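Novice: Input: one structure, supplied below.
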There are 4 protein chains.
Amino acid sequence: MVAEPNNWGRFGPDDQRGTLNLLTPEVVLRALGAATTGQVLSLALPIRGATSSAAPATVPHLRGRPLPQHFMSVDGGDYAAGARPIGAGLRVADDALVVSPHGTTTHMDALCHMWSGDELYNAHPAARVRSYGATRCGIEQVGGVVARGVLFDVPRHHGVDHLPAGHRVGPGELEALGPGLRAGDVAVIRTGWPAVWRRSPEEYWSGQPGLSAEAGRWLAARDVAAVACDNAAVGGLDSRQAAAEGLDDDLHLVLLHRHGIHLMEMLWLEELSATGRAEFVFVAAPLRIEGGTGSPINPLAIL
Amino acid sequence: MVAEPNNWGRFGPDDQRGTLNLLTPEVVLRALGAATTGQVLSLALPIRGATSSAAPATVPHLRGRPLPQHFMSVDGGDYAAGARPIGAGLRVADDALVVSPHGTTTHMDALCHMWSGDELYNAHPAARVRSYGATRCGIEQVGGVVARGVLFDVPRHHGVDHLPAGHRVGPGELEALGPGLRAGDVAVIRTGWPAVWRRSPEEYWSGQPGLSAEAGRWLAARDVAAVACDNAAVGGLDSRQAAAEGLDDDLHLVLLHRHGIHLMEMLWLEELSATGRAEFVFVAAPLRIEGGTGSPINPLAIL
Amino acid sequence: MVAEPNNWGRFGPDDQRGTLNLLTPEVVLRALGAATTGQVLSLALPIRGATSSAAPATVPHLRGRPLPQHFMSVDGGDYAAGARPIGAGLRVADDALVVSPHGTTTHMDALCHMWSGDELYNAHPAARVRSYGATRCGIEQVGGVVARGVLFDVPRHHGVDHLPAGHRVGPGELEALGPGLRAGDVAVIRTGWPAVWRRSPEEYWSGQPGLSAEAGRWLAARDVAAVACDNAAVGGLDSRQAAAEGLDDDLHLVLLHRHGIHLMEMLWLEELSATGRAEFVFVAAPLRIEGGTGSPINPLAIL
Amino acid sequence: MVAEPNNWGRFGPDDQRGTLNLLTPEVVLRALGAATTGQVLSLALPIRGATSSAAPATVPHLRGRPLPQHFMSVDGGDYAAGARPIGAGLRVADDALVVSPHGTTTHMDALCHMWSGDELYNAHPAARVRSYGATRCGIEQVGGVVARGVLFDVPRHHGVDHLPAGHRVGPGELEALGPGLRAGDVAVIRTGWPAVWRRSPEEYWSGQPGLSAEAGRWLAARDVAAVACDNAAVGGLDSRQAAAEGLDDDLHLVLLHRHGIHLMEMLWLEELSATGRAEFVFVAAPLRIEGGTGSPINPLAIL
């Protein structure tokens, strides 16, 4: 049982992909038409995992989260120190990554990431989400997202660098910014909040602007394929890094749980904003982590 | 100093992106025209990281490599066991991934991944590749790859499920399969070798079919933007999982080191092969791991 | 409910430490008297975590387990490659370890590691063992083990280098080897099986000698504080690396679950065996991993 | 070349164990006599690695360091959620630990952890410390430390709970607290600084009390086998978490580099301090991580 409105059952009783089902080949083909120049922008934050340096702390993240760790198992330094090459002279650099994507880097949430009660989106049992992975609604269900992206550049609309922490974007702002939003589009919402990190991590953690519940419902009603934001939680956060809304209005529950709308968070939208483009091809391909609750991603905008 | 022919200096003395520079906006825009139906296929192997199960061993990988590990830091089982939800009833599943992409999953090699002598591609000092990452030619230099993909389905050409381990694909076969190959294309080479894993890991490890050095040079001469294969090393491997060629002919040195051609390995091309499509839009967006030697990827084919 | 005999309730209704409770200060002080020469031996296998080398595969482990990974986040190679020291000239090497101890290295099992039904040792609810750790019977409950160690050198007793895979040590052999076994001792059982690894990993995986259920009960009846073995599972294993006994006779259930006897596995006992010593001070201090199911350890024998 | 005084060459040209060589069997046997009651205390901080909780932040650590991560690969929640047991009813909990011990938990530094110039302790080339580990002076060289421990309870001496951040312990204080210090002893220095964490992490990071260089030299001159402290760096730290001394006086260089004295940091000494005991048996057994720069440890005091 889940509150109305919702998409449970809409795509079939066994569906695990939610509104990604709206990205039919026809819709994808049409979406490609949104590219006009062919310029490609990455919409990802950098992953800085050098644990013995200050670099990891230079990337926005939620306080207390385990930051990415990147290790070189063999590198140029070994050879400078006298290590012998492989065979006749082959030299190799190899590495490993340890990452908990939620709250630490640009990522996509799987539909199993959040829920209330005992059921995930579309009534899949939450008990299916186990130590060895989520056997329902895992990130591997996504495949690849290729859609028309529509940028809702809210700060630019208001003539500011970034929204204040307490700002909750309402349907009126979305309506004004994206009048042509169509079913199957990916709504890309800019708050500008990552820019605050450079000024002060403490300020970044003091709260976070985001979508209001009404804006979430507005997007859901317009059948967006997914929602992507440059903040860490789509909805806003208070000073304890918690969502202030109750269950009825929690953005993850409204979007992920009730409507099967995948969420992407912690995007880097500053360069995209500077282009002034509002419409483009949006591509995101989460790693096929079976049973994953999410994946780091490097989303692209093809202008 | 590096053997001829090569692309050193071609894209400028400081270039770190190699033939990805050929993917100008014009080339990208034209590449989008290769999509005719809008169907999207993932070309990635699954990442199965449930360490307490047999699942990791069901995915092809090079013997001895550290397999991906996927852990749930909170999941549905906790709630089934009595854990309290957050606030009024929010339930969360969260996770972590530990991955060494080379040889273990679908991935892209950075230009810093292999070299000979003291210099990386384009004379960048190999000493720049350090414990805290490669400060030259790291995977973060790639951004996003959007190009026309051309599939060289060599086994299908020969009427077999997969090439034998000792097969080295020659220029003649490439010429026959991809006569329209253009500068800026991504050459996608199918050997069918991953299918052997299901039959026998030992057989999978007994060697590997791949490109011959001449085929590598043929592709380089045609200015491909990148090369992607379903085997683990682009070139072939012998029974010790080593490349049998000498330095002059090593595929990684010919392609990565001398020509700045990024390589992608361990793709899953069986579904793409079944479509019969030889031309499509190829998209790959490696994670922006600063200083990374590579990244797991979920490459897409838009048909 | 659990089969008889058992130690449930013996050390109090809330006890989480089992027979470690027998190591009272008096018992510990007396145990120190077992040291006669002061020579200290490590009883641990090496941890070889260089993932880009063949080294990890040179250490005995159960097939399919995720092997330790050891990464240097800064090392001498960085300085050889030109990295600047800290301040006026301080140079640092720093590292990280990723380890899943069960089946991969010398380790101690917590009492939460195995059970049957819905309860851990001493009726603690198994539902208390969650993603964020075991809130009952975790490895942090152990503290430090200081006891008299008694070596049961079974292969030496039989005049062989190692027991055959199918050998199950019986009470008679234990009686013959350790007539003076006292309550509070740590029984150290040698099978010699690790030596097989050097000959052939496949042979190592073809099965494993170990204690019989009767021998397990014999030790439990004698109130050992803990049991330590050089094999991977205390009991024997068949060719599928599974314990062949049913639930009644499974060594982990007999010892860990019913009697609260902590187990240590994959010790290296070859040097200790060569000394001919049967009695010594045994020390093991598992890392205080809160909620851990086990810990890598470096157990010591003080001769 | 290294500044005088030092222990280079003292234990032989190839020595990698430094003053641990002083722990001859005779010295160890005599050390066991320091135990009078048999009570065993753990001197370790807990390892709290539940990444989706606030627990990791409750353990003292240096700011910016990657905190331990502990994951359960199978646990009681899985069974509560419906997972089937193994065979007839065996249930298992299994886990993994990711740890960078320096600055995050109770640990021992290897002699390869810090140096100046191009040589480690005893002139071993720093170039031997590579990505695959330190092939000289790694933590695996330690084996087990069993020695007489002497507690220098400096705060108690001054009648305070903890020393202030700017306090540098001098030789006079050590002389007053440990007049009977003998060659081969482990000097255990209490500053009380971990207790500050509970009050305020920011205060904990505002600096750190520690040994002065003169005190370090005083200990080295008395041939201690090792030095253990409850602070994070043995010497003091300033508000940038850096050692304020120049190279001549850096505690790590004085002790580790010049004298081959292993260091242990971030011990938990509050319970030991409360016993009033100044002399005890000290045991520490770092994991045998080949090539490690250090290891988490659970040191024990046997009273």
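The values are calculated or read from the model by the stated rules, or taken from the named source; none is laboratory data. Given the structure is predicted, the values throughout are model-derived calculations rather than measurements. Heads up, the Cβs are rebuilt from the backbone with ideal geometry, glycines too, and the neighbour counts pull from every protein chain shown.
Novice: Inspect all residues belonging to segment D:65-77 and state whether any of them is surrounded by fewer than 21 Cβ atoms within 10 Å (Cβ to Cβ), touching a strand residue (DSSP E or B) at 6+ places or on another chain (Cβ under 9 Å) and not acidic (Asp, Glu). Steps first, answer last, please.
Specialist: So the first thing to find is which residues in segment D:65-77 are surrounded by fewer than 21 Cβ atoms within 10 Å (Cβ to Cβ), and the list is D:65.
Then keep just the ones that are touching a strand residue (DSSP E or B) at 6+ places or on another chain (Cβ under 9 Å); that gives none.
No, segment D:65-77 contains no residue that is surrounded by fewer than 21 Cβ atoms within 10 Å (Cβ to Cβ), touching a strand residue (DSSP E or B) at 6+ places or on another chain (Cβ under 9 Å) and not acidic (Asp, Glu).
Novice: Pairs needed: first member in segment D:14-36, within 12 Å of chain C (Cβ to nearest Cβ) and without any contact (Cβ under 8 Å) to a residue 40 or more places away in the chain; second member anywhere, surrounded by fewer than 20 Cβ atoms within 10 Å (Cβ to Cβ) and of a type in the set (Gly, Ala, Ser); C-beta distance under 7 Å; at least 6 residues apart or different chains.
Specialist: D:PRO25/C:GLY38; D:GLU26/C:GLY38; D:LEU29/C:GLY38
Novice: So, one more: Of the conditions (1) among the aliphatic types (A, V, I, L, M); (2) surrounded by fewer than 23 Cβ atoms within 10 Å (Cβ to Cβ); (3) at pLDDT 95 or above; (4) within 23 Å of B:HIS102 (Cα to Cα), A:VAL98 satisfies every one except a single condition; which number is it?
Specialist: Status for A:VAL98: all satisfied but (2).
Novice: Within segment B:38-115, considering only strands (runs of 3 or more DSSP E) that don't extend past its boundaries, which have at least 2 residues that are within 14 Å of chain D (Cβ to nearest Cβ) and either free of Cβ contacts under 8 Å to residues at least 24 places away in the same chain or more than 22 Å from B:ARG240 (Cβ to Cβ) (or both)? Before you say what the answer is, go through the steps one by one.
Specialist: On the way: elements: B:40-42, B:69-74, B:90-92, B:94-99, B:107-109.
Hits in segment B:38-115: B:69-74, B:90-92, B:94-99.
Novice: Could you tell me which residue of segment B:149-180 is surrounded by the most Cβ atoms within 10 Å (Cβ to Cβ), considering only residues that are of a type outside the set (Val, Ile, Thr) and in a strand (DSSP E or B)?
Specialist: Among those that are of a type outside the set (Val, Ile, Thr) and in a strand (DSSP E or B), it is B:GLY149.
Novice: While we're looking at this one, here's another question. Identify the single condition in (1) closer than 28 Å to D:MET72 by Cβ; (2) modelled with pLDDT of 95 or more that C:ALA244 does not satisfy, given that it satisfies every other one.
Specialist: C:ALA244 satisfies all of (1) closer than 28 Å to D:MET72 by Cβ; (2) modelled with pLDDT of 95 or more except (2).
Novice: Let me ask something additional. B:ARG217 is checked against (1) more than 17 Å from B:VAL169 (Cα to Cα); (2) modelled with pLDDT of 95 or more; (3) surrounded by fewer than 23 Cβ atoms within 10 Å (Cβ to Cβ) and fails just one. What number does that condition carry?
Specialist: Status for B:ARG217: all satisfied but (1).
Novice: Could you please find all residues in segment A:117-143 being at the interface with chain B (Cβ under 7 Å from one of its Cβ atoms), of a type in the set (A, V, I, L, M) and closer than 14 Å to B:ILE47 by Cα?
Specialist: A:ALA134
Novice: Determine which member of the set A:ARG198, A:ARG182, A:ARG168, A:ARG190 is more than 20 Å from A:LEU62 (Cα to Cα) and not hydrophobic (A, V, I, L, M, F, W, C).
Specialist: A:ARG182
Novice: Okay, next question. Does B:THR58 count as of a type in the set (S, T, N, Q) and either assigned by TED's automatic domain parsing to the domain that holds B:GLY184 or touching a Cys at 6+ places or on another chain (Cβ under 7 Å) (or both)?
Specialist: Working: of a type in the set (S, T, N, Q): yes; either assigned by TED's automatic domain parsing to the domain that holds B:GLY184 or touching a Cys at 6+ places or on another chain (Cβ under 7 Å) (or both): no.
The answer is no for B:THR58.
Novice: Can you tell which of D:ARG168, D:ARG148, D:ARG182 is touching a Gly at 6+ places or on another chain (Cβ under 8 Å), basic (Lys, Arg), modelled with pLDDT of 95 or more and under 24 Å from D:PHE11 (Cβ atoms)?
Specialist: D:ARG148
Novice: So for segment A:78-97 (the condition being over 30 Å from B:ALA123 (Cβ atoms) and under 25 Å from the mean Cα position of the chain (by Cα)), does at least one residue qualify? First the steps, then the outcome.
Specialist: Within segment A:78-97, the subset over 30 Å from B:ALA123 (Cβ atoms) is none.
No, the conditions are met nowhere in segment A:78-97.
Novice: Does A:LEU20 qualify as being at pLDDT 95 or above, farther than 23 Å from A:ALA96 by Cβ, in contact with a His (Cβ under 7 Å, 6 or more places away or on another chain) and not β-branched (Val, Ile, Thr)?
Specialist: Here the answer is yes, as A:LEU20 does meet what is asked.
Novice: Test B:ALA243 against the criterion of being within 25 Å of B:THR104 (Cβ to Cβ), over 16 Å from the mean Cα position of the chain (by Cα), aliphatic (A, V, I, L, M) and in the same structural domain as B:ALA31 (by TED's automatic domain parsing), and give yes or no.
Specialist: Working: within 25 Å of B:THR104 (Cβ to Cβ): yes; over 16 Å from the mean Cα position of the chain (by Cα): yes; aliphatic (A, V, I, L, M): yes; in the same structural domain as B:ALA31 (by TED's automatic domain parsing): yes.
Here the answer is yes, as B:ALA243 does meet what is asked.
Novice: Among (1) surrounded by fewer than 23 Cβ atoms within 10 Å (Cβ to Cβ); (2) of a type in the set (D, E, K, R); (3) under 30 Å from A:THR104 (Cα atoms), which single condition is B:GLU202 missing?
Specialist: (3)
Novice: Sort out which residues of segment D:155-181 are aliphatic (A, V, I, L, M) and in contact with a Pro (Cβ under 8 Å, 6 or more places away or on another chain), and write them in order of number.
Specialist: Applying the first criterion (aliphatic (A, V, I, L, M)) to segment D:155-181 yields D:160, D:163, D:165, D:169, D:174, D:176-177, D:181.
Answer for segment D:155-181, where residues must be aliphatic (A, V, I, L, M) and in contact with a Pro (Cβ under 8 Å, 6 or more places away or on another chain): D:LEU163, D:ALA165, D:VAL169.
The rows are residues; the columns are (1) at pLDDT below 95; (2) farther than 24 Å from D:VAL160 by Cα; (3) touching a helix residue (DSSP H, G or I) at 6+ places or on another chain (Cβ under 6 Å); (4) of a type outside the set (Asp, Glu).
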{"residue": "D:VAL196", "(1), (2), (3), (4)": "no, no, yes, yes"}
{"residue": "D:GLU202", "(1), (2), (3), (4)": "no, no, no, no"}
{"residue": "D:TRP205", "(1), (2), (3), (4)": "no, no, no, yes"}
{"residue": "D:GLN208", "(1), (2), (3), (4)": "no, no, no, yes"}
{"residue": "D:GLU265", "(1), (2), (3), (4)": "no, no, no, no"}
{"residue": "D:THR275", "(1), (2), (3), (4)": "no, no, no, yes"}
{"residue": "D:PHE282", "(1), (2), (3), (4)": "no, yes, no, yes"}
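Novice: Same structure again: Exactly one condition in (1) more than 28 Å from A:HIS70 (Cβ to Cβ); (2) surrounded by fewer than 24 Cβ atoms within 10 Å (Cβ to Cβ) is not met by B:GLY143; state its number.
Specialist: Unmet for B:GLY143, out of (1) more than 28 Å from A:HIS70 (Cβ to Cβ); (2) surrounded by fewer than 24 Cβ atoms within 10 Å (Cβ to Cβ): (1).
Novice: Here's another thing I want to ask about it. Of a type in the set (Gly, Ala, Ser), closer than 29 Å to C:THR58 by Cα, away from chain D (no Cβ under 14 Å) and buried (at least 24 other Cβ atoms within 10 Å of the Cβ): is that true of C:GLY236 in this structure?
Specialist: Yes.
Novice: Residue by residue through segment D:239-258, note down the ones that are in contact with a Phe, Trp or Tyr (Cβ under 8 Å, 6 or more places away or on another chain) and buried (at least 24 other Cβ atoms within 10 Å of the Cβ).
Specialist: D:LEU253, D:LEU256, D:HIS257, D:ARG258
Novice: Would you mind telling me which numbered condition in (1) closer than 22 Å to D:ARG63 by Cα; (2) without any contact (Cβ under 8 Å) to a residue 60 or more places away in the chain; (3) within 14 Å of another protein chain (Cβ to nearest Cβ) D:ASP230 fails?
Specialist: D:ASP230 satisfies every listed condition except (3).
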